[in-house]
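The next block holds one structure in the form of C-alpha cells; read it before the comments.
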Amino acid sequence: MPKFLIIRGYSCSGKTTISRQLAKECRFALLEYDFFHFRLIRYKDYAAKEHKIIFKTVLDCIRNCMKYKKNIILEGALAPIDKGDPFQIKKIINLAKRHNYKIINVLFTVDRKVARKRMKIRKNFLSNKLYDKLVNKIKSIKMKDELVIDTTKVSIKSLVRKLKKLL
C-alpha cells in the first residue's frame with residue numbers, strides 16, 4: 001500500500017529539513033506546499049484566486065504521483081489563511097483514501113524561543129504577532145490521528161528514524 005505523509009507545523013520547526021531528508025532516504029516524492037506560495041507568488045497580499053491556482057497545481061502533482069503509486073510527502077505550514085480551509089486538506093486526504101494510500105499526519109511544534117533563534121540564523125524573521133497568528137491558525141485545524149512532535153530538543157536523525165518507523 002503506498003503511503004501519503006503529511007508534515008505540517010510551525011515556522012522553523014524542521015518540517016522542510018526533515019521532509020527532504022526522509023524523502024531522500026525513503027525515495028518518496030516530496031511536495032513542498034510553501035514553495036508554491038513563497039516562490040510562485042512573490043507578493044504578500046494575494047487573493048483567493050491565487051490560492052485556487054496553487055491548490056490546483058499541488059493537486060495535479062499529487063494526482064500524477066498517485067497515478068504511478070508513488071509514496072508522497074506533502075510538507076508545509078498548511079495553515080488556513082482565512083475561514084475555512086483554503087489548503088483543502090480534507091480534499092487531499094479524501095483523494096489519497098480513494099487511491100488506497102495509507103495516510104500519516106504529523107504536526108511539528110517548537111518552542112517559541114527556539115523558533116526565534118532559528119529564524120534569526122535563517123534570516124527569515126517573522127514578527128511576534130505574525131508568528132503567533134500563524135501558530136494559532138495551524139492549531140485551528142484538527143487532523144484525525146495526527147501525531148504531534150515537539151522538535152525543540154530532538155535531533156534530525158532521531159526524527160527521521162521515528163518517522164521511518166511510522167512508514
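The values are calculated or read from the model by the stated rules, or taken from the named source; none is laboratory data. This is a predicted model, so every value here is computed, not measured. Heads up, the Cβs are rebuilt from the backbone with ideal geometry, glycines too, and the neighbour counts pull from every protein chain shown.
Within region 19-39, the set of residues being touching a Ser or Thr at 6+ places or on another chain (Cβ under 8 Å) and either among the β-branched types (Val, Ile, Thr) or closer than 19 Å to ALA96 by Cβ (or both) comprises LEU30, GLU32, PHE36.
Taken as a whole, the condition of being exposed (fewer than 15 other Cβ atoms within 10 Å of the Cβ), in contact (Cβ under 8 Å) with a residue 60 or more places away in the chain and closer than 13 Å to PHE4 by Cβ does not apply to LEU74. Checked against the criterion of being modelled with pLDDT of 90 or more, assigned to a loop (DSSP other than H, G, I, E, B) and out of contact with any Gly (no Cβ under 7 Å at 6 or more places or on another chain), the candidates LYS97, LYS144, LYS69 yield just one match: LYS69.
Exactly one residue among LEU107, LEU134, LEU126 is among the aliphatic types (A, V, I, L, M), outside any helix (DSSP H, G or I) and within 15 Å of the chain's Cα centre (by Cα), and that residue is LEU107. Of all the criteria given as (1) in contact with an Asp or Glu (Cβ under 7 Å, 6 or more places away or on another chain); (2) farther than 24 Å from LEU59 by Cα; (3) hydrophobic (A, V, I, L, M, F, W, C), the one not satisfied by LEU107 is (2).
Of the residues that make up region 107-125, is at least one among the polar types (S, T, N, Q), more than 14 Å from MET143 (Cβ to Cβ) and at pLDDT below 90? Yes, because at least one residue in region 107-125 is among the polar types (S, T, N, Q), more than 14 Å from MET143 (Cβ to Cβ) and at pLDDT below 90.
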